[in-house]
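What follows is a set of notes on a single structure, which appears directly below.
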Amino acid sequence: MTVSTGSTTDAGWVRGADEVLLGFTRALRAAGVPVTQDRSHGFLEAVALLGLADRRATYDAGRATLCAGPDDLERYGQVFEAYFNARDGLPRSRPAPPTVPAFSDLPETDGEGEGEESEEVVRARASAAEVLRHRDVARLSPAERQRLAGMFATLRPRPPVRRTARHQPWRRGQVDASRTLRSSLRRMGEPAEISWRRRGVRPRRLVLLVDVSGSMSGYADALLRLAHRFTVAGATGRRRGVVETFTVGTRLTHLTRAMRLRDPDRALVAAGETVPDWSGGTRLGETLKIFLDRWGQRGMARGAVVVVFSDGWERGDPALLAEQVERLHRVAHRVVWVNPHRGKAGYEPVQQGVLAVLPHVDDFLAGHSLATYADLVEVVSRA
């Protein structure tokens, strides 16, 4: 790969530098380069020291700090060339969305057989999208990951609801004697139309705990996009603040503020700046205890639907993990455990962490593809 060594002082290159460079590290991670949070910080420090004026220096700084071995160098060069526009020297702060031809761009039918050919083109496109929905997100190519990122918009999460003590007018249910009587008094005692009522409903809080340890690195990007979809769906009107997101690994990180950004790519960049333990170890028992001590007793988990995204690889004591999940189950309305390996052929729950938590969860679901995420959306909405 040839990288331009000429310097540039274009304002577009300097503007939003941290966001652009962190976006580049995310693109590398999506391409299969194991970029950790420490390496990302090292890259930012190196570029800050060398300055952004020299692109060659920026390229070399990334090779030195972001690549773990010789196998990463080729991917690094390809991603660098694709991410930074070599024609005008300007970085792209976010990848362009995949273009899908409109139906008006398809060949027009003006004779026999051409209509069938057009129908086959549309059917083939729909079939490719359906196949991608069922693919394991950890095994997708960078181009397929980009297409899948756009398909997350097809998910329509609905927050679970709970009954309230207050009643509200309704077209059927219980007779609302007070409203019926008041209506009759306004008519000077004449019979009035019977009013009905039912118990009101409010959104139930949803808490998402996303494992970002090394064994989950291939799924972390997709799971955070899913968390963003849940957050955006629950951030309108009276539903605002009903979704809370945390990452768990070697420590607990509150990500709700980052997930509330409307743009999913900017939300993931903000998450990358916030989470300090990407691709680290897994201490689920300890982090769950911290969550329950700090947040559960405050009421965030009480009566909530809690979804844990993890493969169950526990470096700590499985007995502690079982104790904390049992404690969580007593506090929460429902506990859902999502394992990316659950839907794969031949999978058996043999990990000590999974065996420890299974007796204390209400649902044990797969979470390796967009189709399984759609199933999770339905399970959460009915919880």
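The values are calculated or read from the model by the stated rules, or taken from the named source; none is laboratory data. What you are looking at is a predicted structure, and each value in this text was computed from that prediction instead of being measured. For neighbour counting, all protein chains shown are included, and Cβ atoms are generated from backbone atoms with ideal geometry for every residue, glycine included. These accessible areas exclude ligands, DNA and RNA; they are computed on the full protein's heavy atoms, side chains included. Shrake-Rupley method; radii C 1.70, N 1.55, O 1.52, S 1.80 Å.
Observations
- Shape call, the stretch 181-271: gyration tensor on alpha carbons, a/c limit 1.5: prolate
- The heavy atoms of Val354 present about 0 square angstrom of accessible area, all protein chains included, probe 1.4 Å.
- The stretch 335-375 shape via C-alpha gyration tensor axes, a/c threshold 1.5: oblate
- Distance from the stretch 244-261 to the stretch 338-383 (C-alpha centre basis), Å: 20 Å
- Modelled spin labels at Arg330 and Leu358, positioned 7 Å past Cα toward Cβ, are 2.4 nm from each other.
- Rounded, prolate or oblate (a/c below 1.5 giving rounded, otherwise prolate when a/b exceeds b/c) for the stretch 262-368 by Cα gyration tensor: rounded
- Distance between the pseudo-spin-label points of Glu348 and Ala128 (7 Å out from Cα toward the beta carbon): 4.0 nm.
- Sites Arg182 and Arg202 - FRET efficiency at Förster radius 30 Å, r taken between beta-carbons, to 0.05: 0.70
- Order of exposure, largest accessible area first, which applies to Leu50, Leu358, Leu140 with probe 1.4 Å: Leu50, Leu358, Leu140
- Using the Cβ-Cβ distance between Ala53 and Gln174 with R0 = 56 Å, the FRET efficiency computed as 1/(1 + (r/R0)^6) comes to roughly 0.15.
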